[in-house]
Amino acid sequence: MQALVSSGRARRAPSAGDAGRGEAAPGTEYAGSFRRRDVHGGPFHPHARQSCHRVFATIEWRQTLDVHFRLGRHFLLASSSALHPPGRREKEGRVVSMDRPFTHQPVSVETNVDSLRQRLADLKKQVDVQAEEITRVRADALRYRRYFNLAQVGMAITSPDTGWIEFNGRLCEQLGYAPEELRTTTWVSLTHPEDVSLDMDLFASLVKGEIQRYSLDKRFVRKNGSIMYGNILLQGVYRDDGSFDHLFGFLHDITERWEGERERLALKQEIIDAQKRALRELSTPLIPVAEHVLVMPLVGTIDNVRAQAVLEVLLDGVMRHNARMTILDVTGVEVVDMEVMNALVQAARAVNLLGAQAILTGIQPRIAKTLVDLQADLSTIMTLSTVREGISYALGRQKT
């Protein structure tokens, strides 16, 4: 047996090229080219043959273990390449370079398998979290789409050039356009011409970022030419760099409310006008004390508006009652200035032109002083101290 081994060692040692040609690598054969088949049929004693078989069995077991180790190593390398990008890998929270040559370290196969299982479990958790996030985003998008399409107010998204990006059906109903027709317009072209200027000024401020939103009542022109009163609420949407991206707006149809408000304002104005007439009549009362004799007592302060009212009421009363004598009593007037005096003189002259005579009564001392200081011309007006004297004078003239 030892001779055979010695003779085998004298042969050429197998090389790496032999392993590529199917030849056994060093350490996989015993004593060069001496193989298991050489034991059979050779001049060996039975006991020597059994010893050779035990030697070959030991060699084959080591070869098998080495192959399994190499397969496990390649499996671990392939798995690590799939989980991490080439060149750089994560290790314990740090990014390490994988460009340097790989140096084999004796690692337990069971430890790497457990690590891979843990990594796969972590990836599964991440996938589950992402799936839940996708489901939530889809639900939010569906909820927004339903809210947008089923809203009872007009909703639209417009571009910086006032064109339509998206709008709902309610907006089409409010403006009287079909969707394909509305896309050919802009919200500026649908705005009443008198309301465009203010709206564009606010829109320009919104685009510049000076304001983020604004609300405005304005008029829209429907497809049939009718006017719709609307309240708009516009919100600017901006990019991460702060530049303007698009506009999100709401349109409420307030036509019925506006028309009701207009009717209410018209009724209110009628009431105000009626009150003004009543106050004017109270402030300029005209009393017929006898046939063809009228008395107008004046109380309080007389300004230009009231002086004009005195003139109108007095002339109307002279014509209506066919008066011959009119008495203006200023006993209750506190202050008389040049404008008031001129108004009274004009009223007396207007009465004279209608064929009646004007009598001024109740001039107080302070008013008399004011008239002297103002050098008022009362030559065309008869003055008496009290309204009683004025009435007596008028009645006396009536008898004559």
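The values are calculated or read from the model by the stated rules, or taken from the named source; none is laboratory data. The structure displayed is predicted, hence computed values, not measured ones. Note: ideal-geometry Cβ built from the backbone for every residue, glycine included; neighbour counts use all protein chains shown.
Listed by first and then second residue, the pairs linking a residue in segment 190-216 that is in the same structural domain as Gln174 (by TED's automatic domain parsing) and assigned to a helix (DSSP H, G or I) to a residue that is exposed (fewer than 11 other Cβ atoms within 10 Å of the Cβ) and not aromatic (Phe, Trp, Tyr), with Cβ atoms under 9 Å apart and 6 or more places separating them unless they lie on different chains, are Ala204/Glu210.
Within the option set Glu334, Glu339, being exposed (fewer than 13 other Cβ atoms within 10 Å of the Cβ), in contact with a helix residue (DSSP H, G or I) (Cβ under 7 Å, 6 or more places away or on another chain) and acidic (Asp, Glu) holds for one residue only, Glu339. For segment 184-216, filtered to residues that are under 18 Å from the mean Cα position of the chain (by Cα) and acidic (Asp, Glu), the residue that is surrounded by the most Cβ atoms within 10 Å (Cβ to Cβ) is Asp199.
Listed by first and then second residue, the pairs linking a residue in segment 143-172 that is among the hydroxyl-bearing types (Ser, Thr, Tyr) to a residue that is part of a loop (DSSP other than H, G, I, E, B), with Cβ atoms under 6 Å apart and 6 or more places separating them unless they lie on different chains, are Thr162/Thr186; Thr162/Trp187; Thr162/Val188. One residue stands out in segment 243-280 among those that are of a type in the set (Gly, Ala, Ser) and under 22 Å from Trp164 (Cα atoms): the one that is surrounded by the fewest Cβ atoms within 10 Å (Cβ to Cβ), namely Ser243. Residues satisfying the criterion are absent from segment 325-340 (criterion: over 19 Å from Val299 (Cα atoms), assigned by TED's automatic domain parsing to the domain that holds His292 and part of a helix (DSSP H, G or I)).
Scan segment 389-400 for residues that are exposed (fewer than 14 other Cβ atoms within 10 Å of the Cβ) and either under 10 Å from Asp329 (Cβ atoms) or of a type in the set (Gly, Ala, Ser) (or both) and the total you get is 2. For Leu378, the requirement of being in contact with a Gly (Cβ under 8 Å, 6 or more places away or on another chain), hydrophobic (A, V, I, L, M, F, W, C) and modelled with pLDDT under 85 is not met. What are the residues in segment 292-309 that are over 21 Å from Ile391 (Cβ atoms) and either in contact with a Leu (Cβ under 9 Å, 6 or more places away or on another chain) or crowded, with 18+ Cβ neighbours inside 10 Å (or both), if any? Those that are over 21 Å from Ile391 (Cβ atoms) and either in contact with a Leu (Cβ under 9 Å, 6 or more places away or on another chain) or crowded, with 18+ Cβ neighbours inside 10 Å (or both): Ile302, Arg306, Ala307, Ala309. When Lys223 is tested against (1) at pLDDT below 90; (2) part of a loop (DSSP other than H, G, I, E, B), exactly one condition is not met: (1).
Can you tell me which residues in segment 352-375 are on the phi < 0 side of the Ramachandran plot, of a type in the set (S, T, N, Q) and modelled with pLDDT under 85? Steps first, please.
If we filter segment 352-375 for residues that are on the phi < 0 side of the Ramachandran plot, which is where we start, we get 352-354, 356-361, 363-374.
Now drop any that are not of a type in the set (S, T, N, Q), which leaves 352, 357, 361, 364, 370.
Listed by number, the residues that qualify are Gln364, Thr370.
Could you list, in sequence order, all residues of segment 345-392 that are without any contact (Cβ under 8 Å) to a residue 60 or more places away in the chain, part of a helix (DSSP H, G or I), closer than 25 Å to Glu291 by Cβ and of a type outside the set (Lys, Arg)? If the condition is that a residue be without any contact (Cβ under 8 Å) to a residue 60 or more places away in the chain, part of a helix (DSSP H, G or I), closer than 25 Å to Glu291 by Cβ and of a type outside the set (Lys, Arg), then Ala347, Ala348, Ala350, Val351, Asn352, Leu353, Glu389, Ser392 are the ones that fit.
Listed conditions (1) surrounded by 20 or more Cβ atoms within 10 Å (Cβ to Cβ); (2) assigned to a helix (DSSP H, G or I); (3) at pLDDT 80 or above are all met by Glu312, apart from (1).
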